[in-house]
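Every read-out reported here was derived from the displayed coordinates using simple, explicitly stated rules and does not represent laboratory data. On a predicted model such as this, the values are computed, not experimentally measured, just so you know. Glycine gets a Cβ as well: all are built from the backbone with ideal geometry, and neighbour counts include every protein chain shown.
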Amino acid sequence: MEELINSSQNAKRVVICGIGNDMRGDDAFGVLVAERLKELVKSSNVLILNCGEVPENYTGKIREFKPDLVVFVDAVDFGGEIGEYVIADPEGTLGEAVSTHGLPLKFITRFMKTMINADFILIGSQPASTALFEEPSEVIRERAEELAELLVGILKNPIEGSESSSSPPSCSR
């Protein structure tokens with residue numbers, strides 16, 4: 001989490017993109033985090049997007065928001081323990097991973113970097129199963145809740161820097 005903490009310290013505007021499919025078991029991880037953050041974060045400096053399986057469809061909203069930091073949250077099969085977190089550069093090897101969404105994050109990140117000057121981070125959690133029509137495992141539900149609360153603490157500067165107490169701009173799938 002150190003990389004995320006360092007990137008967030010100077011960020012004034014942050015986008016969090018929850019990615020996944022809530023009908024494919026633990027692939028719902030990113031979606032669960034995004035939906036929980038929508039309940040916890042009330043800042044005009046933080047944009048929380050439930051991107052579902054199509055994060056590429058939200059590039060316009062991200063660009064318009066003009067963030068300093070973009071955080072992708074997704075289930076990532078990196079061979080870890082179920083529920084284990086990984087923090088990575090989405091342009092690196094994990095960003096190439098085949099997943100349930102369309103374009104690899106590596107390509108989305110490269111495209112976004114042509115439009116905005118922001119740091120990009122991927123937070124992944126090791127899924128147990130991403131089979132169709134399964135519910136997320138209890139471990140993934142707990143880890144999603146933990147990460148949402150951890151992100152609120154890490155993103156303290158952009159959250160508290162808001163002059164508005166209104167709800168953050170957010171989108172559902």
For residues that are buried (at least 24 other Cβ atoms within 10 Å of the Cβ), in contact with a Ser or Thr (Cβ under 6 Å, 6 or more places away or on another chain) and over 20 Å from Glu135 (Cβ atoms), tally how many sit in region 21-42. 0
Across region 30-49, the tally of residues that are over 21 Å from Glu138 (Cβ atoms) and touching a helix residue (DSSP H, G or I) at 6+ places or on another chain (Cβ under 9 Å) stands at 8
For region 8-20, how many residues are over 17 Å from Ile62 (Cα atoms) and either among the hydrophobic types (A, V, I, L, M, F, W, C) or surrounded by fewer than 20 Cβ atoms within 10 Å (Cβ to Cβ) (or both)? 2
Please tell me if Glu56 is out of contact with any strand residue (DSSP E or B) (no Cβ under 8 Å at 6 or more places or on another chain) and either under 18 Å from Ser7 (Cβ atoms) or free of Cβ contacts under 8 Å to residues at least 60 places away in the same chain (or both). yes
Conditions first: (1) over 11 Å from the mean Cα position of the chain (by Cα); (2) surrounded by 24 or more Cβ atoms within 10 Å (Cβ to Cβ); (3) without any contact (Cβ under 8 Å) to a residue 60 or more places away in the chain. Asp74 passes all but one, so which condition is the exception? (1)
Do we have any residue at all in region 97-104 that's among the β-branched types (Val, Ile, Thr), out of contact with any helix residue (DSSP H, G or I) (no Cβ under 7 Å at 6 or more places or on another chain) and more than 28 Å from Gln9 (Cβ to Cβ)? yes
